[in-house]
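Taking it in order: structure first as structure tokens, then the write-up.
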Amino acid sequence: MEYPASSSKLFGKSLQSRKVAAFSLSERFYPPHFKTPEHTHDNALFCLVLKGNYTETFGRERRECTPRTALFHASDDPHAEHFHDSGGHSFIVEIERNWMSKVRDEFGFPSITSEFRCGVLPDLGARLYHEFRRFDEVSPLVVEGLMLEITGETARRTFEKKSRKPDWLAKVERHLRERLAEPFSLPEVAAVAGVHPVHLAQTFRKFHQCSVGGFLMRLRLESARRELSETTKSIAEIALDHGFSDQSHFTRRFKSELGATPHEYRQITS
């Protein structure tokens, strides 16, 4: 299905929508293998992935969007989506430009797109979606309150990401990337950084919004995803090369994060 490039259109099929103050909320469905052209939106968007998975391309970079991924899209930020075998189901909130401008002017809200897989933002998005589904006479007040909280947390997390990381944190990230398949121990990783394990865990979560173990799992799955697409290695071999105990363990984690089994993903991308 082809669509012209757009600066305002929301793609996919709308299942339900509501307008509350400066916010337009909608639940949308995307069929398997659905692709959008590169496009922008006039308004900023908050998106929570409910089901399915897709690859989002922005410039030369890509991100894998899976259930509970929360995204805050800046207005006029070009991107494109490619939904995989299971299609997609998302909850989207459009934020009127005037409201967003006031927030940006008063608080210096960042004008970049951010993603959040861990922490409070996916939980706030889930609460907002629940309120959207149960909608009653007090829901407009709850929706506005949650959107203020979501916007504030997005600004806080984005600024934290942009603040200068301690030098030892880059050493930890490099250590994890170079030893994807090795057993993980927080005290051992903390020793590499020369810090206490508690300080490592707290600082790591501040900058990545997930635990060290969660970060390592994402690295393993992303590397495995590339090998499924780019090599002819067996799935069992890829699983062992990336630190999984066996193929079934790898398959469970891969499907949980990406919405498809390794075999299904290889068929989609081959």
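Can you tell which of Ser248, Ser256 is touching a Pro at 6+ places or on another chain (Cβ under 9 Å) and not charged (D, E, K, R)?
Ser256
Can you tell me which residues in region 158-176 are surrounded by 13 or more Cβ atoms within 10 Å (Cβ to Cβ) and either under 20 Å from Arg220 (Cβ atoms) or in contact with a Leu (Cβ under 7 Å, 6 or more places away or on another chain) (or both)?
Once the filter is applied, which keeps residues that are surrounded by 13 or more Cβ atoms within 10 Å (Cβ to Cβ) and either under 20 Å from Arg220 (Cβ atoms) or in contact with a Leu (Cβ under 7 Å, 6 or more places away or on another chain) (or both), region 158-176 yields Leu169, Lys171, Val172, Glu173, His175, Leu176.
Yes/no per residue for (1) closer than 30 Å to Met100 by Cβ; (2) small (Gly, Ala, Ser); (3) assigned to a loop (DSSP other than H, G, I, E, B):
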residue	(1), (2), (3)
Thr158	yes, no, no
Val172	no, no, no
Arg177	no, no, no
Pro187	no, no, no
Ala191	no, yes, no
Ala201	no, yes, no
Arg205	yes, no, no
Met217	no, no, no
Glu222	no, no, no
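Here's the yes/no breakdown for (1) open to solvent by less than 40 Å² (accessible area, probe 1.4 Å); (2) acidic (Asp, Glu):
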{"position": "Thr203", "(1), (2)": "yes, no"}
{"position": "Phe207", "(1), (2)": "yes, no"}
{"position": "Ala224", "(1), (2)": "yes, no"}
{"position": "Asp246", "(1), (2)": "no, yes"}
{"position": "His263", "(1), (2)": "no, no"}
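Pick from Glu257, Glu182, Glu230: which is in contact (Cβ under 8 Å) with a residue 60 or more places away in the chain, within 24 Å of Asp85 (Cα to Cα) and not hydrophobic (A, V, I, L, M, F, W, C)?
None of the others qualify; the one that does is Glu257.
If the Cβ limit is 7 Å and pairs must be 6+ apart or interchain, which residue in region 127-142 that is open to solvent by 50 Å² or more (accessible area, probe 1.4 Å) pairs with which residue that is among the aliphatic types (A, V, I, L, M)?
Arg127/Leu146
Taking the condition of being farther than 16 Å from Ser26 by Cα, touching a residue at least 60 places away in the same chain (Cβ under 8 Å) and among the aliphatic types (A, V, I, L, M), how many residues in region 143-162 meet it?
Within region 143-162, residues that are farther than 16 Å from Ser26 by Cα, touching a residue at least 60 places away in the same chain (Cβ under 8 Å) and among the aliphatic types (A, V, I, L, M) number 1.
What single numbered condition from (1) more than 28 Å from Leu71 (Cα to Cα); (2) in contact with a strand residue (DSSP E or B) (Cβ under 9 Å, 6 or more places away or on another chain) fails to hold for Asp246?
Every condition holds for Asp246 apart from (2).
Show the residue pairs meeting these rules: Cβ distance below 8 Å; 6+ apart or different chains; first residue within region 71-87 and charged (D, E, K, R) and surrounded by 20 or more Cβ atoms within 10 Å (Cβ to Cβ); second residue modelled with pLDDT of 90 or more and in a loop (DSSP other than H, G, I, E, B).
Taking only residues 6 or more apart or on different chains, the pairs are Glu81/Phe11; Glu81/Phe34; Glu81/Thr36.
Being on the phi > 0 side of the Ramachandran plot and not in a strand (DSSP E or B) is the filter here; which residues of region 26-52 pass it?
Scanning region 26-52 gives a single hit, His33.
Take the residues of region 68-96 that are outside any strand (DSSP E or B) and at pLDDT below 90: which is nearest to Leu50 (Cα to Cα)?
It comes out as Arg68.
The values are calculated or read from the model by the stated rules, or taken from the named source; none is laboratory data. For clarity, every value in this text was computed on a predicted model and none was experimentally measured. Heads up, the Cβs are rebuilt from the backbone with ideal geometry, glycines too, and the neighbour counts pull from every protein chain shown. Protein only, heavy atoms only, side chains kept; ligands, DNA and RNA dropped before computing areas. Shrake-Rupley method; radii C 1.70, N 1.55, O 1.52, S 1.80 Å.
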